[in-house]
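The values are calculated or read from the model by the stated rules, or taken from the named source; none is laboratory data. Keep in mind that this is a model prediction, so the values were computed, not measured. Note that each Cβ is placed from the backbone with ideal geometry, even for glycine, and that neighbours are counted across all protein chains shown. Accessible surface areas use protein heavy atoms only, side chains included; no ligands, DNA or RNA. Shrake-Rupley method; radii C 1.70, N 1.55, O 1.52, S 1.80 Å.
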Amino acid sequence: LAPRLAIAWAPFKARKTVIRTGAGFFFDRSGPGPIFDIRRFDGVQLRRYVLSAAQIPPDLSDDTLLAFPTSVHRIGGGTELPNTMQFSFGIEQQLAKNTTMAVSYVGTRAVQQFRSRDANAPLPPQFASRPDSTLNVLREIESAGRMESNRLEITLRGNLAPRVTGMAQYVFSRTLADTNGLNWFPANSFAPEGEWGRADSDRRHKLNFLATASLHRWANFGASLSLLSAIPFNVTTGRDDNRDGMAIDRPAGTTRNTGLGPGSAVIDLRWFRDFRFLPEKKDKSPSLTLSVDAFNLLNRVNYANYVGSLTSP
């Protein structure tokens, strides 16, 4: 059951001001990926071995591998489809005949979010052995994560200047989570609740601008500007000190996504000219468009993100 409701109200006779609000529930789907994994990694169909350096024998072969327990993937008890509630409130004001400005708040609260966890991780503090010696990695897919997002949007659209139309939008937001999806594992499978922090996609500021200017039949331009503040990254030791087969351990006292990654700035520009074969028919005439595009006009290097492993050069 996913009820949704949206309301728009124009309180004044001129109808140049509109108040909008709404809320709704949304459910996510797992897709076939985890079902495939559970069917394949059942300990028989497809065998997967995760060995630490001390466990690897000098004469590694198929026969010696069979002596080791294999990894298994399972669905955790009580797993349900992720549930998200989104709610919003905003005011839209008509500034001119074809120009409007809107200020909106959008909130998101998500529960039962998917994540994976090694339910058979080696026991602390020595991490010498796994609780169930007949199994290797026991990947449990569970819906126990959560996410919280708050976003303020300011949007201006329509005629931005004489002969210039487009949209400018600024977004101030904050997104916190303790999971990054179905295939994501916590650094410590015994304490996944300690993963609460900035989401991987959390950007504090976003500014996007799109515009088209028709100044002359030979002077038609399109422009795109995108300015994005930094996203976080995860700081890890680059080692597998807890011997769970994943080198995602973090330094003591370091929580998830405490590193500050790179921002991004991109400017794209287009020039175009429309040629109509039957000018007297205007919009119904067959036409030909000649255009020249420049992407990342300033040739700025925009890095996707930093490598947070302390062992990386």
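Just report the Cα centroid separation between the stretch 27-82 and the stretch 129-154, whole Å.
Each part reduced to its Cα centre gives a spacing of 16 Å.
If DNA, RNA and ligands are ignored and the probe is 1.4 Å, what is the ranking of Ile231, Ile19 by accessible area, most exposed first? Let's see the in-between values first.
Numbers: Ile231 20, Ile19 45 Å².
From most accessible down to least: Ile19, Ile231.
For the stretch 1-127, what D do you get in µm² per second when you plug the Kirkwood radius from alpha-carbon pairs into Stokes-Einstein at 4 °C and 1.567 mPa s?
64 µm²/s
Using only C-alpha atoms and all pairs of different ones, pull out the Kirkwood radius for the stretch 149-273 in Å with one decimal.
Kirkwood radius, the stretch 149-273: 17.6 Å.
Ordered by residue, what ³J(HN,Hα) values in Hz, to whole numbers, does the stretch 168-179 give under the Karplus form 6.51 cos²θ - 1.76 cosθ + 1.60, where θ = phi - 60° and Gly and Pro are x?
Per residue, the Karplus-derived 3J(HN,Hα) values read 10, 9, 10, 10, 10, 8, 8, 10, 10, 7, 10, 8 Hz.
At 1.4 Å probe radius, can you tell me the per residue accessible area of the stretch 79-203 in Å²? Write down the numbers at each step before the final one.
Numbers: 6110 Å² over 125 residues.
Solvent-accessible surface per residue comes out at 49 Å².
Using only protein heavy atoms and a 1.4 Å probe, report how much of Thr179 is accessible, in Å² to the nearest 10.
So the heavy atoms of Thr179 present about 20 Å² to solvent.
How high is the relative contact order of the stretch 103-234, in percent, with contacts defined as C-alpha pairs under 8 Å that are six or more residues apart?
22 percent
Using a 1.4 angstrom probe on the protein heavy atoms only, line up Trp196, Trp9 by accessible area, largest first.
Largest accessible area first, the residues go Trp9, Trp196.
Per DSSP helix of 4 or more residues, -39500 (n - 2.57); summed, then divided by the residues of the chain. What does that give at 222 nm, rounded to the nearest 500?
Per the formula, -1000 deg cm²/dmol.
Of Ala102, Pro122, Thr70, which is farthest towards the positive pole of the stretch 61-181's charge dipole, taken about the Cα centre with +1 and -1 on the beta-carbons of Lys, Arg and Asp, Glu respectively?
Of Ala102, Pro122, Thr70, it is Ala102.
Go through His216, His205, His73 and list them by solvent-accessible area, largest first, probe radius 1.4 Å.
His216, His205, His73
So for the stretch 101-165, what percent of the C-alpha to C-alpha distances run longer than 16 Å?
Within the stretch 101-165, distances greater than 16 Å cover 70 percent of Cα pairs.
How large is the Kirkwood hydrodynamic radius of the stretch 159-210, in angstrom, based on all distinct alpha carbon pairs?
After inverting the pairwise mean of 1/r, the radius is 14.1 Å.
With every protein chain in place, what's the accessible area of Phe127 (1.4 Å probe, Å², nearest 10)?
50 Å²
Not counting ligands, DNA or RNA, and with a 1.4 Å probe, what is Thr79's accessible surface area in Å² rounded to the nearest 10?
Counting only protein heavy atoms, the figure is 40 Å².
In whole percent, and with a 1.4 Å probe on the protein chains, what portion of the accessible area of the stretch 138-233 is carbon and sulfur?
58 percent
Express the carbon and sulfur contribution to the solvent-accessible surface of the stretch 60-136 as a percent, rounded to the nearest whole number, probe 1.4 angstrom.
Taking all protein chains in place, the stretch 60-136 shows 58 percent carbon and sulfur surface.
Carbon and sulfur: what percent of the stretch 249-296's accessible surface (1.4 Å probe)?
C and S fraction of accessible area: 59 percent.
From the backbone phi of the stretch 278-284, what are the Karplus-calculated ³J(HN,Hα) couplings (6.51 cos²θ - 1.76 cosθ + 1.60, θ = phi - 60°) in whole Hz, Gly and Pro given as x?
Listing the rounded values in order: 10, x, 5, 8, 6, 5, 8 Hz.
Percent antiparallel among DSSP beta bridges with both residues in the chain, to the nearest 5?
95 percent
When only alpha-carbon atoms are used, what values of Rg and Dmax, in angstrom, describe the chain?
In order Rg, Dmax, the Cα atoms of the chain give 26.9, 85 Å.
Provide the descending list of Cα extents for the stretch 1-46 along its principal axes, expressed in whole angstroms.
71, 19, 9
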